[in-house]
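Undergrad: Attaching a single structure in structure tokens format; questions to follow.
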Amino acid sequence: MFLVFDIGGSSTKIAILDENSNIIKKNKLKAKKDLKSFLDMLEEQVRKYSEEFNVEAIGFSSPGTVDPITGKVGGISALEYIHTYNFAYHIQEKFNLPVAIENDANCSALAEIHLAKPKEKSIAFVVIGSGIGGAIIYDGELIKSRRLEAGEFGYMILDEQEGKLENFSRLATLPNVSRILEEKYHIVANTYQIMNQFAKKVEPYYSEVKKMYKFLGIGLYNIQYAFDPEVIYIGGAISQSEDYMRELRKTLEEGIFKEADINLRNVTYFNDNNIYGAYANLMKSIKEGRKLCIQ
């Protein structure tokens, strides 16, 4: 059996998969506020699942700029502490088990490539959560780069607001809308409430969500013309919402966005894509005999 952690800004998903990529058991825990609590949680879960199953190896899907050779997580993410300590290497050494780690958006892409097996040659992935991650697949291979940040679409600068440059992640997610509603209108609302009010065209929810979709359109338009993929996959839990995807497609059929002729598609496994991708990465790592190595 194989233990997989999908680390996110609001929660960590944990799953046990068998050798045939079937999810046997799955759980979710709220994100921890500091490194110690995070490490304690990881260790506790490894012990817990090792008592119930014969855990042969551990895979991680993580936000940030992930070095799959060393396990170190650079860049920035909603969880600052994961960038201060090599937690994947820590788990490998503490439990003496093979460990593999990859960026979460890359994992989402790997799930499609290794399990869903799309026919297209050039594919872009945009994974939407607390921020926006991304990945590029060409001819069945994940595109890497000098700084391991190829496909990190969330860093794209899209606008300047109040004298400050703002990026795709900051402008085009529902958590960002929630932040704006609280800061600008003193309204506290979660993403479900926001979309419900948007559907009813209640202000200021409607206007702020429309802005979000506009920036999503701009980001996807830029990706289409920069890389010209045959298809752009949308991942993250929100991709499972038919209402969300319907409105996004509607946005892309309007004005200048229509000229880009974007072929949009949901990821196959929705919120489990990262889990399956971390599993696929782990299997590949084991097959190649790799082990995290501090350089």
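Every number in this text was worked out from the coordinates using simple rules, so none of it is lab data. The model shown is predicted, which means the values in this text are computed figures rather than measured ones. Cβ: placed from backbone, ideal geometry, glycine included. Neighbour counts: every protein chain shown.
Undergrad: Exposed loop sites here are GluC sites (Glu not before Pro) in DSSP loop states with at most 11 other C-beta atoms within 10 Å. What is the longest stretch of the chain lacking them?
TA: Result, exposed sites excluded: 20-161.
Undergrad: Towards the positive end of the charge dipole of the chain, with charges on Cβ (+1 Lys, Arg; -1 Asp, Glu), say which of Leu79, Phe270, Ile223 has the farthest Cα.
TA: Of the listed residues, the answer is Leu79.
Undergrad: Let me ask something else about it. What is the Cα convex hull volume of the stretch 119-268 when expressed per residue in Å³?
TA: Residue-normalised Cα hull volume stands at 118 Å³.
Undergrad: By how many degrees, 0 to 90 and rounded to 10, does the Cα axis of helix 242-252 deviate from the longest principal axis of the chain?
TA: With rounding to tens, the tilt is 60 degrees.
Undergrad: Another one. Might you report the magnitude of the Cβ-based charge dipole of the stretch 17-99 about its Cα centre, with Lys and Arg at +1 and Asp and Glu at -1, to the nearest 20 debye?
TA: 360 debye
Undergrad: Which percent of Cα-Cα pairs in the stretch 66-134 sits in each 10 Å bin, short to long?
TA: In order of increasing distance, the bins hold 18, 41, 31, 10, 0 percent.
Undergrad: Can you find, among Leu158, Val202, Ser145, the residue farthest towards the positive end of the dipole of the stretch 145-212? Put +1 on the C-beta of Lys and Arg, -1 on that of Asp and Glu.
TA: Val202
Undergrad: For n ≥ 4 DSSP H runs only, could you compute -39500 (n - 2.57) per run for the chain, divide by its residues and tell me the 222 nm figure to the nearest 500?
TA: About -11500 deg cm²/dmol.
Undergrad: Over the stretch 26-89, one equal point on each Cα, no solvent: what is log10 I(q)/I(0) by the Debye formula at q = 0.25 Å⁻¹?
TA: Per q value, in the given order, log10 I(q)/I(0) is -1.23.
Undergrad: On to the next question. For the chain, with a Gaussian network of springs between Cα atoms less than 10 Å apart, report the residue from Ser145, Ser285, Ser108 with the top mean-square fluctuation.
TA: Ser145
Undergrad: In degrees between 0 and 90, to the nearest 10, how far off the longest principal axis of the chain does helix 205-227 point, with axes built from Cα atoms?
TA: The angle comes out at about 70 degrees.
Undergrad: If the elastic network links every pair of Cα atoms under 10 Å, which of Gly129, Gly163, Gly235 fluctuates the most in the Gaussian network model of the chain?
TA: Among Gly129, Gly163, Gly235, the largest mean-square fluctuation in the Gaussian network model of the chain belongs to Gly163.
Undergrad: Angle between the Cα long axis of helix 174-185 and the longest principal axis of the chain, 0 to 90 degrees, nearest 10?
TA: With both axes taken from Cα atoms, the answer is about 50 degrees.
Undergrad: Then there's this: Once every Cα of the chain carries one equal point scatterer and solvent is ignored, give the base-10 log of I(q)/I(0) from the Debye formula at q = 0.08, 0.09, 0.11, 0.15 Å⁻¹, two decimals.
TA: Per q value, in the given order, log10 I(q)/I(0) is -0.34, -0.43, -0.65, -1.17.
Undergrad: Based on Cβ point charges of +1 for Lys and Arg and -1 for Asp and Glu, what charge dipole magnitude is obtained for the chain about its Cα centre, in debye rounded to the nearest 20?
TA: So the dipole magnitude of the chain works out to roughly 320 debye.
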